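Before any comments, here is the structure.
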Amino acid sequence: MNEKIVNTKLIDEKGCSRDTNLYVRFRDKNTVHVILVGKSLRVESEGVNYTQSLLELMTRLPKEWRLKFLNSFQISDRDTIEIVTVEESIMVRQYDTDEPQLRFKLVCEYRGKTFEAEAVEDFSIALQALQDKMDVSFNICAFCSNADFRSTGGEDLRQGWYCLRDVLDRHPDLPWFQREDEFQEAYSNVNAFHWCPSYVKAVDRML
């Protein structure tokens, strides 16, 4: 059973914050079940991937409410290695009759400066933009040569990475659909901010 629990903050339209837990379960039938639990609060949803399930959950909350996650990880800045914390805020954006979309905002305090990046619907755009603005290397799964994703058009680059570190016969130069056997052997549903001792920086990876 592939599941995880994440400590979060739920923030209302007035900026008041409450502690919550986000339970995420990746089911065998290729759906993702999420439950947000806090004091006098329980909201749940299910979708085809983490992002879609989270969007469904967020639309069940009052307008302008948002979730906040804190992600701590290692970065490389030239010859130094440091630990930073990236604040990740997620809320729903909807204009008139448009379909609701998730808006991701990433904020990081680094060496006395505040760096921000955001994107609608595509988490990877905000992540790449933040790394570019900070001019450092994020030592995380999203930028590891052992990580990959299947570009199906519905891929989830927040919790949908595949770790291929233990796949011996790999052909990274081939398109994903010509090496489905590699993905069958890989570890699935990996967090973009994850790190393990097998981390190796990917060369020129752009999300």
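A few remarks follow.
- Contact order relative to length of the range 82-207, as percent, for alpha carbon pairs under 8 angstrom and 6 or more apart: 21
- Alpha-carbon centroid distance for the pair the range 147-174 / the range 7-70, whole angstrom: 26
- The range 1-142 shape via C-alpha gyration tensor axes, a/c threshold 1.5: prolate
- A cut-off of 5 Å between modelled amide H atoms, ignoring neighbours fewer than 5 places along the same chain, links Thr8 with Thr20, Asn21, Leu22.
- Debye log10 I(q)/I(0) at q = 0.12, 0.24, 0.25 Å⁻¹ for the range 3-67, Cα point scatterers: -0.28, -1.01, -1.08
- 1.4 Å probe accessible area per residue over the range 3-67, in Å²: 58
- Sequence-distant lysines (8 or more away, or on other chains) whose Cα lies within less than 27 Å of Lys63: Lys4, Lys9, Lys14, Lys39, Lys105
- Measuring only protein heavy atoms, the 1.4 Å probe finds Glu13 accessible over about 100 Å².
- Candidate aspartates and glutamates for bridging to Lys29, where Cα separation is under 13 Å - those fewer than 8 sequence places away on the same chain excluded: Glu46
- Cut-off 20 Å, label 7 Å out along Cα→Cβ of Ile5, residues of the range 24-63 by amide N: 24-27, 32-46, 54
- For the range 44-84, applying the loop criterion from DSSP together with a ceiling of 13 other beta carbons within 10 Å to the trypsin sites (Lys or Arg not before Pro) yields Arg60, Lys63, Arg78.
- Volume in Å³ per residue [convex hull over Cα atoms, computed for the range 136-207]: 92
- Qualifying chymotrypsin sites (Phe, Trp or Tyr not before Pro) in the range 67-122, where qualification requires a DSSP coil assignment and no more than 15 other C-beta atoms within 10 Å, comprise Tyr95.
- HN-Hα J in Hz across the range 31-37 - Karplus 6.51, -1.76, 1.60, θ = phi - 60°, x for Gly and Pro: 10, 10, 9, 10, 9, 9, 10
- Site pair Ser151 and Arg27 shows an inter-label distance of 3.1 nm when each label is modelled 7 Å from Cα along Cα→Cβ.
The values are calculated or read from the model by the stated rules, or taken from the named source; none is laboratory data. Predicted model only: the values in this text are computed from it and were never measured. Cβ sites come from the backbone with ideal geometry, for glycine too, and all protein chains shown count toward neighbours. When the accessible area is computed, the model is the full protein with side chains, heavy atoms only, and any ligands, DNA or RNA have been set aside. Shrake-Rupley method; radii C 1.70, N 1.55, O 1.52, S 1.80 Å.
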